[in-house]
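Structure, as structure tokens:
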Amino acid sequence: MLLYLYSFLFGRSRVHIHHTKNKRASSFHEFARNTSDAWDIDDESEEALHSVSCSAKMADVNDVAIVPHCRLQEENSNQSVTKSASEDQLQRVTADVTLMRKPLKKLQPHPFRPIIPLVARISDQNASGAPSMTLREKTRLEKFRQLLSIVNTDLDELRKYSWPGIPRDVRPTTWRLLSGYLPANKDRQQQTLQRKRAEYFGFIEQYYDSRNEEHHQDTYRQIHIDIPRTNPLIPLFQQPLVQEIFERILFIWAIRHPASGYVQGINDLVTPFFVVFLTEHVEDDVENFDVSSLSSDTLRNIEADSFWSISKLLDGIQDNYTFAQPGIQKNVKALEELVSRIDSEVHCHLQKYEVEYLQFAFRWMNNLLMRELPLRCTIRLWDTYQGLLMLLQNLPTIHWGNEEIGLLLAEAYRLKYMFADAPNHYRR
């Protein structure tokens, strides 16, 4: 996961940016002082910041890796360059700083910006945007169907085949299995679904009315505030019926997990499950689908399955959401150590301009990149993540004996001797 986060931040074709120390440091501190809530960054703000970034890159005459968006702006400019490079650069940087200090206004969509669906269409069998399946994809789909059709699904094989992505037609069932919500034995699956769905709505009847009680007011109020922020550009999530479903899921989860309660960001983690289970019943594009056209029983099943799936997911990372969120802090520290050892140049650059890893990586880990990636990409990422989670929660140790334990302890002692007693090994 940390390797993925690292590659996500810096990419394979990293652009080397040359800054003036005082100006950049000052700009960052000004940004930090004016930022009161990292969760309130909306798409309009991101669009404006993106434009500033492009302008700054155009100003750097030493930077040859210009992104296509900026290049198109430059190529289509009708103005002739009459100033020297240094004068033009100074003017552009000054304009950028001025723009950063002004209130952000709504910008018109750029004419060259490609329009990409936020959620994969029903025809996108592999969620890649392809309108039809290739022969290879058809073969993979058939293999999944074979694995899911046998009496006892081989979960190890299912996890292995899920790594490069799960075909859309079988993704709902596969996710239920990999999350541990659905048993591998086919004869028990329907009975388990009926029991768990009834159990969830039993929680609703027992606890949901307590949202109006004083000791639950803070929790419910925060959930009620966060729900409209969940994927605000996707019409599906702005429907009142969908928002009511999310409120129930999050409130019931929060009161059943008092050690952590509800934390901002958990609301985002429900969306991939809700969309995936919705696709079992939708033939149109999901992002614009009117859920009121579904039967009440279908909606209840989607809601219950989403609740139990998010519960299984959070069970494995609950220390990310307990007091002081120690799990996230530990992961951010591990990311910093990883970057410092793999790419010291980037690490030193961040240190030079006083950028703390916690300032940008906290949100990545708080909601598993949900705010950084389009939903269609998150769903594909979680195909692999579900397989990893299943492996970590079900380590293949059932047939271990004294010999395996002895080897494990010997390896642990060797690593302790090499690293714990020799801290310089951690350094580059």
Scope the stretch 314-325; condition acidic (Asp, Glu) and surrounded by 15 or more Cβ atoms within 10 Å (Cβ to Cβ); matching residues = ASP319
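A quick yes/no check of all residues on (1) at pLDDT below 90; (2) open to solvent by less than 20 Å² (accessible area, probe 1.4 Å); (3) part of a helix (DSSP H, G or I):
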position: ASP297; (1), (2), (3): no, no, yes
position: SER306; (1), (2), (3): no, yes, yes
position: LYS312; (1), (2), (3): no, no, yes
position: GLY327; (1), (2), (3): yes, yes, yes
position: SER340; (1), (2), (3): no, yes, yes
Touching a helix residue (DSSP H, G or I) at 6+ places or on another chain (Cβ under 8 Å), surrounded by 22 or more Cβ atoms within 10 Å (Cβ to Cβ) and more than 19 Å from ARG171 (Cα to Cα): does that describe VAL242?
-> yes
Those residues that are open to solvent by less than 20 Å² (accessible area, probe 1.4 Å) and in contact with a Pro (Cβ under 6 Å, 6 or more places away or on another chain), I need them from the stretch 277-295; list them, please.
-> PHE277
ALA127: passes all of (1) at pLDDT 50 or above; (2) open to solvent by less than 30 Å² (accessible area, probe 1.4 Å); (3) not in a helix (DSSP H, G or I) but (1)
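Residues are listed down the side, and each one gets a yes or a no for (1) modelled with pLDDT of 90 or more; (2) among the charged types (D, E, K, R); (3) over 27 Å from ASN288 (Cβ atoms):
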position: ASP154; (1), (2), (3): yes, yes, yes
position: TRP163; (1), (2), (3): no, no, yes
position: ASP169; (1), (2), (3): yes, yes, no
position: ARG195; (1), (2), (3): yes, yes, yes
position: ASN212; (1), (2), (3): no, no, yes
First in the stretch 277-290 and within 10 Å of ASN301 (Cβ to Cβ), second anywhere and open to solvent by less than 20 Å² (accessible area, probe 1.4 Å) and of a type in the set (S, T, N, Q), Cβ under 7 Å, 6 or more apart | PHE277/SER306
Take ASP156 and decide whether it is open to solvent by less than 40 Å² (accessible area, probe 1.4 Å) and in contact with a helix residue (DSSP H, G or I) (Cβ under 9 Å, 6 or more places away or on another chain).
-> no
In this structure, is VAL263 farther than 27 Å from ARG195 by Cβ, part of a loop (DSSP other than H, G, I, E, B) and not acidic (Asp, Glu)?
-> yes
Of all residues making up the stretch 342-363, the number that are closer than 30 Å to ILE234 by Cβ and either polar (S, T, N, Q) or open to solvent by 20 Å² or more (accessible area, probe 1.4 Å) (or both) | 5
Scan the stretch 220-235 residue by residue and report those that are within 23 Å of the chain's Cα centre (by Cα) and part of a helix (DSSP H, G or I).
-> GLN222, ILE223, HIS224, ILE225, ASP226, ILE227, PRO228, ARG229, PRO235
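The values are calculated or read from the model by the stated rules, or taken from the named source; none is laboratory data. The structure displayed is predicted, hence computed values, not measured ones. Cβ sites come from the backbone with ideal geometry, for glycine too, and all protein chains shown count toward neighbours. Side chains included, ligands, DNA and RNA excluded: accessible areas come from the protein's heavy atoms. Shrake-Rupley method; radii C 1.70, N 1.55, O 1.52, S 1.80 Å.
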